[in-house]
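Visitor: The structure follows.
The values are calculated or read from the model by the stated rules, or taken from the named source; none is laboratory data. Given the structure is predicted, the values throughout are model-derived calculations rather than measurements. Cβ sites come from the backbone with ideal geometry, for glycine too, and all protein chains shown count toward neighbours. Just so you know, the surface numbers come from the protein's heavy atoms only, side chains and all, with ligands and any DNA or RNA stripped out. Shrake-Rupley method; radii C 1.70, N 1.55, O 1.52, S 1.80 Å.
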Amino acid sequence: MKKPKTYRHLFFDLDHTLWDFEKNSEETLHHLYDHYKLDQLGNFTRDSFYRKYSFVNQRMWDQYHKGKITQQQLRENRFVKCLTDLGVASNDIPEGISKAFIDICPTKTAVFPFTHEVLGYLKEKYVLHIITNGFKDVQYIKMRSAKLDSYFSEIITSECINCTKPDKRIFQHALQRAGVTAQESLMIGDSLEADVLGAMNAGIDQVFFNPEKKRPRLKPTYEVHCLSQLKTFL
């Protein structure tokens with residue numbers, strides 16, 4: 001690994017990088033399956049419900065990032081699409097299930113291994129910030145619930161500037177908010193497109209957080225498979 005530049009500010013993604021979105025959403029969806037007795041509405045298991053929701057949710061988030069659907073459409077339609085795909089009649093979909101997910105999931109506290117240890121270490125040396133495409137109201141709850149909020153100075157959400165990563169405007173806005181240059185900054189995130197390419201286009205060095213050890217189609221400045229590896233060069 002090449003010798004790092006002298007950075008002053010570190011920008012982190014939140015979901016899938018610090019806050020364990022998959023684990024927290026799986027726990028929430030299993031709870032909703034039991035609470036709403038979804039087994040009585042169709043021939044599918046808790047796990048197949050989780051897998052179908054994850055697939056639908058990812059597809060709809062992609063549409064949201066591309067400006068094809070609104071935040072409200074994403075929130076309202078993902079459970080309808082998920083459950084109708086699983087064979088549930090539209091008039092049998094439990095009222096309030098979408099709101100229940102939004103209320104419960106952000107209160108879950110699972111984070112990736114070494115998250116608090118690494119953030120505590122880095123906070124002594126750098127100024128830390130968040131750049132996230134998640135919705136502001138939800139992201140703040142996640143950070144408070146998982147005790148992540150105390151580490152960060154600026155929390156920039158896509159709603160702050162009405163554009164989403166990888167649009168370089170959100171990174172430029174983050175730099176302005178932090179009062180720092182791109183050359184003094186480093187972006188850390190799990191998405192090659194949103195975090196790595198987005199930061200790259202804004203002139204910011206990047207760390208690709210790659211716990212699944214996928215072969216990247218882009219060459220980030222750095223790559224780590226565990227957050228603890230950040231301590232080896234920062």
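Visitor: Any residue in the stretch 60-72 that's of a type outside the set (S, T, Y): show its pairings with residues that are open to solvent by 70 Å² or more (accessible area, probe 1.4 Å) at Cβ separation under 6 Å, as long as the two are six or more apart or on different chains.
Guide: I69/Q63
Visitor: Here are Y50, Y64: which of them is open to solvent by less than 80 Å² (accessible area, probe 1.4 Å), within 18 Å of the chain's Cα centre (by Cα), at pLDDT below 90 and over 17 Å from K99 (Cβ atoms)?
Guide: Y64
Visitor: Let me ask something else about it. Restricting the stretch 102-151 to residues that are aromatic (F, W, Y) and over 16 Å from the mean Cα position of the chain (by Cα), which is most open to solvent (accessible area, probe 1.4 Å)? Don't jump to the end; show me each part of the working.
Guide: Filtering the stretch 102-151 down to residues aromatic (F, W, Y) leaves 112, 114, 121, 126, 135, 140, 151.
This time we only want the ones that are over 16 Å from the mean Cα position of the chain (by Cα), so: 114, 121, 126, 151.
Working: F114: 98, Y121: 68, Y126: 35, Y151: 34 Å².
Ranking the candidates gives F114 first.
Visitor: Any idea how many residues of the stretch 164-189 are open to solvent by 10 Å² or more (accessible area, probe 1.4 Å), in contact with a helix residue (DSSP H, G or I) (Cβ under 7 Å, 6 or more places away or on another chain) and hydrophobic (A, V, I, L, M, F, W, C)?
Guide: 2
Visitor: Still on this structure, please answer the following. Of the residues V180, V207, which single one is closer than 16 Å to Y126 by Cβ, modelled with pLDDT of 95 or more and in a loop (DSSP other than H, G, I, E, B)?
Guide: That would be V180, the only listed residue that is closer than 16 Å to Y126 by Cβ, modelled with pLDDT of 95 or more and in a loop (DSSP other than H, G, I, E, B).
Visitor: Now, a different point. Inspect the stretch 19-36 for any residue being within 19 Å of P94 (Cβ to Cβ) and touching a Leu at 6+ places or on another chain (Cβ under 9 Å) and give the result as yes or no.
Guide: Yes.
Visitor: Considering only the stretch 183-194, I want to know if a residue exists there that is more than 14 Å from the chain's Cα centre (by Cα), touching a residue at least 60 places away in the same chain (Cβ under 8 Å) and assigned to a helix (DSSP H, G or I).
Guide: yes
Visitor: On the basis of being outside any helix (DSSP H, G or I), loosely packed, with under 15 Cβ neighbours inside 10 Å and modelled with pLDDT under 95, does E76 make the cut?
Guide: no
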